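What follows is a short report on a single structure.
The values are calculated or read from the model by the stated rules, or taken from the named source; none is laboratory data. Quick caveat: nothing in here was measured; it's all calculated off a predicted structure. Cβ coordinates were reconstructed from backbone atoms using ideal geometry, including for glycine residues, and neighbour counts include every protein chain displayed. Note: areas computed on protein heavy atoms with side chains; ligands, DNA, RNA excluded. Shrake-Rupley method; radii C 1.70, N 1.55, O 1.52, S 1.80 Å.
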Amino acid sequence: MKLYISGSGTNLILFFLGYGQDPGPFQSLQAYLPDDSAMALVYDYENDKGDFSCLEKFSKVRIIAWSMGVVFAPRTVQKLNLKLEHCYAINGTVEGIDDSFGIPLSAWNKTLEDLTDEKHALHFYRLMCRKPALIKQYLESGPKRELQSLRRELEFIKAYCGDMQTVPASFYNKAFCSLQDVIMPPAAVKLSFKRAGVDIEELNSSHYDPQIFMRLTTKPF
């Protein structure tokens, strides 16, 4: 895992990104951070290693976990002494890859099998955004990831989700579910968090939803 920190302040927005990402598409959020806040982006899940002890200095930490970041955030944070304010899950589940509570294993394997060139990598990003205007906006600052790196990430996430160390979904205070999501099945998101009694808010958007990212980032501590 990689960590990118920007801004200054006593509070922290700790954003766990999804598969295939880097800081590029999310750097615009920095301009809207509350004055007392910094932002940290966690991405590139080719492994679960990384020294995140530098995050323990912040007075309050808000977690925004998106997509496969919803899997990695709880297991990463439980190793740290963070003063958590709220933990939000967006279009992901703690199970991640699961036939009932996440992306079906067959679909994940198909993504890995098809990822043989840049065209297929781009196809994933298009599915993630769906709307032409959003695809264009995303790709203008899109991730700069090598194909083999993406393949290693897919492989590691598959193994990580299959090791049966799932943290309870109740780690999250609230979950958001985009009804137009064709990456993470909305029914799986609702089923996973509903059984844990976590409040769920439905969104009329796709898997990648910059509006909810902005809303949760700019929310005062």
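Of the residues SER100, SER106, SER59, which is of a type in the set (Gly, Ala, Ser), out of contact with any Lys or Arg (no Cβ under 7 Å at 6 or more places or on another chain), open to solvent by 50 Å² or more (accessible area, probe 1.4 Å) and within 25 Å of LYS174 (Cα to Cα)? Full working, then the answer.
Numbers: SER106 fails: within 25 Å of LYS174 (Cα to Cα); SER59 fails: out of contact with any Lys or Arg (no Cβ under 7 Å at 6 or more places or on another chain).
On inspection, the qualifying residue turns out to be SER100.
Mind checking which residues of the stretch 76-105 are out of contact with any Ser or Thr (no Cβ under 9 Å at 6 or more places or on another chain) and basic (Lys, Arg)?
Once the filter is applied, which keeps residues that are out of contact with any Ser or Thr (no Cβ under 9 Å at 6 or more places or on another chain) and basic (Lys, Arg), the stretch 76-105 yields only LYS79.
Of the residues that make up the stretch 111-121, is at least one under 20 Å from LYS190 (Cα atoms), acidic (Asp, Glu) and not in a helix (DSSP H, G or I)?
Kept after step one, since they are under 20 Å from LYS190 (Cα atoms), are these residues of the stretch 111-121: none.
Scanning the stretch 111-121 turns up no residue that is under 20 Å from LYS190 (Cα atoms), acidic (Asp, Glu) and not in a helix (DSSP H, G or I).
Of all residues being open to solvent by less than 30 Å² (accessible area, probe 1.4 Å), within 19 Å of GLY18 (Cα to Cα) and β-branched (Val, Ile, Thr) in the stretch 158-198, which is farthest from the chain's Cα centre (by Cα)? Just the residue, please. Lay out the reasoning, then the answer.
Initially, the stretch 158-198 is screened for residues open to solvent by less than 30 Å² (accessible area, probe 1.4 Å), giving 160-161, 167, 169, 172, 175-178, 181, 183-184, 186, 188-189, 192-193, 198.
So of that shortlist, the ones also within 19 Å of GLY18 (Cα to Cα) come out as 160-161, 167, 169, 172, 175-178, 181, 183-184, 186, 188-189, 192-193.
Right, trim to β-branched (Val, Ile, Thr) and you get 167, 183, 189.
Details: VAL167: 16, ILE183: 12, VAL189: 13 Å.
My answer is VAL167.
Kindly list the number of the only condition in (1) modelled with pLDDT under 95; (2) assigned to a helix (DSSP H, G or I) that fails for GLN165.
(2)
Being in contact with a Phe, Trp or Tyr (Cβ under 8 Å, 6 or more places away or on another chain), closer than 21 Å to SER205 by Cα, at pLDDT 95 or above and among the aliphatic types (A, V, I, L, M): is that true of ALA73 here? Before you say what the answer is, go through the steps one by one.
Working: in contact with a Phe, Trp or Tyr (Cβ under 8 Å, 6 or more places away or on another chain): yes; closer than 21 Å to SER205 by Cα: no; at pLDDT 95 or above: yes; among the aliphatic types (A, V, I, L, M): yes.
No.
Considering (1) more than 11 Å from the chain's Cα centre (by Cα); (2) at positive phi; (3) crowded, with 16+ Cβ neighbours inside 10 Å, say which one SER67 fails and leave the rest.
Of (1) more than 11 Å from the chain's Cα centre (by Cα); (2) at positive phi; (3) crowded, with 16+ Cβ neighbours inside 10 Å, only one is false for SER67: (1).
For the list (1) within 21 Å of LYS2 (Cβ to Cβ); (2) modelled with pLDDT under 95; (3) charged (D, E, K, R), I need the number of the one condition that ASP114 fails.
Going through the list (1) within 21 Å of LYS2 (Cβ to Cβ); (2) modelled with pLDDT under 95; (3) charged (D, E, K, R), ASP114 breaks only (1).
State all residues of the stretch 125-162 that are of a type in the set (Ser, Thr, Tyr), part of a helix (DSSP H, G or I) and closer than 21 Å to GLY24 by Cβ; if no residue qualifies, say none.
Correct list: TYR125, TYR138, SER149.
Residue under question is ALA38, and the condition is that it be of a type outside the set (D, E, K, R), open to solvent by less than 10 Å² (accessible area, probe 1.4 Å), over 27 Å from LEU147 (Cα atoms) and outside any helix (DSSP H, G or I); does it hold? Spell out the reasoning first.
Working: of a type outside the set (D, E, K, R): yes; open to solvent by less than 10 Å² (accessible area, probe 1.4 Å): yes; over 27 Å from LEU147 (Cα atoms): yes; outside any helix (DSSP H, G or I): yes.
Spelling it out, ALA38 is indeed of a type outside the set (D, E, K, R), open to solvent by less than 10 Å² (accessible area, probe 1.4 Å), over 27 Å from LEU147 (Cα atoms) and outside any helix (DSSP H, G or I).
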